[in-house]
1. Taking R0 as 51 Å, what FRET efficiency do you get between E298 and V110 from their Cβ-Cβ distance, rounded to the nearest 0.05?
2. How much of the accessible area of region 1-42, probe 1.4 Å, is carbon plus sulfur, in whole percent?
3. Please compute the Cα-Cα pair-distance distribution of region 96-222 with 10 Å bins starting at 0, giving whole percents from short to long.
4. May I ask you to compute the full-extension gain from K223 to E68, defined as 0.36 nm times their residue separation minus their alpha-carbon distance, rounded to one decimal in nm?
5. Mind giving me the FRET efficiency for L32 and N270? R0 is 45 Å, r the Cβ-Cβ distance, nearest 0.05 is fine.
6. From the residues G106, S239, L253, which one has its Cα farthest along the dipole of the chain in the positive direction, the dipole being from +1 and -1 charges on Cβ of Lys/Arg and Asp/Glu about the Cα centre?
7. Near Q201, within a Cβ-to-Cβ distance under 13 Å, what is the net charge of the other residues, with Lys and Arg +1 and Asp and Glu -1?
8. Please identify, among E298, E230, E188, the residue showing maximal mean-square fluctuation in a Gaussian network model of the chain using a 10 angstrom Cα cutoff.
Amino acid sequence: LIVWPVEPNLFRPFQPRLEDTVALLTGVVGSLAVLGGALVAWRRGWRPVLALLLLLPAGLAPVLLRVESLGTFPLSDRFLFLPVLGGTGLVALLLVRTLPGRVANGLLAVLAAALAVLTVQRIPAWQNEEVLFRVATDQNPRNPNVHWGLGRVLLARYRETGLSDHLIEARDSFEHSMDLLAEAQTEEGQDIFSTQDDHLQTNLGLGWSLLLEAQVDPFHDYKVPLEVFERVTRAFPESERAWVGIGVCHMALGDPNEAGMALRRALQLNPNSPEAHFNMGELSMRIQDWEGAVREFERCLELRSGGARDRVYLDRKSTRLNSSHANISYAVFCLKKK
């Protein structure tokens with residue numbers, strides 16, 4: 001990518017097994033060329049060349065020495081932010097020292113212009129998170145991470161707009177990620193790289209998509225998302241979002257006791273979860289515990305950031321221990337607008 005950066009990819013695919021002979025030879029030859037060049041530069045006293053050559057492996061040293069810290073994308077373009085200085089410095093030094101000044105400057109200007117064109121072409125992909133993940137799914141169709149990432153963005157868009165198209169597409173994205181994760185367990189899916197977090201986020205996203213669909217669907221089938229969330233808690237018992245989902249499902253099914261136990265479990269796992277406090281406030285309203293509802297909504301206001309807090313703050317003065325149902329309902333409405 002330093003030599004030929006024509007395919008920028010934020011979510012570059014990674015395969016644990018390198019079976020491509022060309023890719024293997026490219027890596028070996030490139031590494032030997034850098035080491036050989038550094039040895040020649042050291043023996044001949046070319047200090048600037050030696051420094052630039054050593055910057056290539058030095059910039060990658062933290063990545064190579066701490067492989068366990070690489071995260072979901074072990075092969076990432078961002079690891080080249082420092083080594084690329086060595087590569088561009090070598091090109092500039094080579095042209096300046098081997099060609100006449102005007103020719104060298106002209107070639108460097110052309111090279112800079114070409115790279116500028118690539119940069120300008122890439123800028124639209126970063127205009128917002130939704131566009132970024134749509135581009136990523138086009139570039140990496142067999143990466144489950146980008147599909148559940150797009151689903152997460154679309155779920156947020158649905159909460160903002162209420163448009164069913166966003167909700168349907170979000171569910172499709174999570175289901176596609178689920179299919180890829182299942183394929184990764186087969187012989188045909190050896191090229192799919194996945195992590196435990198991919199399984200967690202995909203199932204959580206699918207559960208919330210189904211739950212939101214149940215709220216608008218005339219059949220109000222909350223048992224299906226409930227099963228998904230329960231499956232998540234069996235595999236990931238420390239996921240407070242799954243427990244919040246279970247609580248919301250039980251609340252919709254008319255079982256406040258089970259809902260309360262699930263939401264309290266979520267708060268035990270994460271006392272600072274605004275979603276858990278918000279839904280605990282709704283549950284308190286349903287059982288007419290107005291004092292508890294006020295307490296939960298006020299705590300939610302402290303934890304949430306953005307416009308919802310400002311909109312609800314005007315109503316906080318009217319929500320006291322003797323608050324009316326209408327006042328608390330208005331607070332709930334404002335929070336749901338978030």
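The values are calculated or read from the model by the stated rules, or taken from the named source; none is laboratory data. Note that the structure is predicted; figures quoted are calculated from it, not measured. Cβ coordinates were reconstructed from backbone atoms using ideal geometry, including for glycine residues, and neighbour counts include every protein chain displayed. Note: accessible area is taken over every heavy atom of the protein model, side chains too, but ligands, DNA and RNA are not part of it. Shrake-Rupley method; radii C 1.70, N 1.55, O 1.52, S 1.80 Å.
1. Values: r = 62 Å, r/R0 = 1.22.
Calculated value: 0.25.
2. Details: 2320 of 3200 Å².
The nonpolar share, carbon plus sulfur, comes to 72 percent.
3. 12, 30, 23, 14, 10, 8, 2, 1
4. Numbers: separation 155, 0.36 × 155 = 55.80 nm, distance 3.91 nm.
Extra length from K223 to E68 when fully extended: 51.9 nm.
5. Working: r = 50 Å, r/R0 = 1.12.
So the FRET efficiency works out to roughly 0.35.
6. G106
7. Values: positive: R152, R241; negative: D197, D198.
Within the 13 Å Cβ shell, the charges total 0.
8. E188
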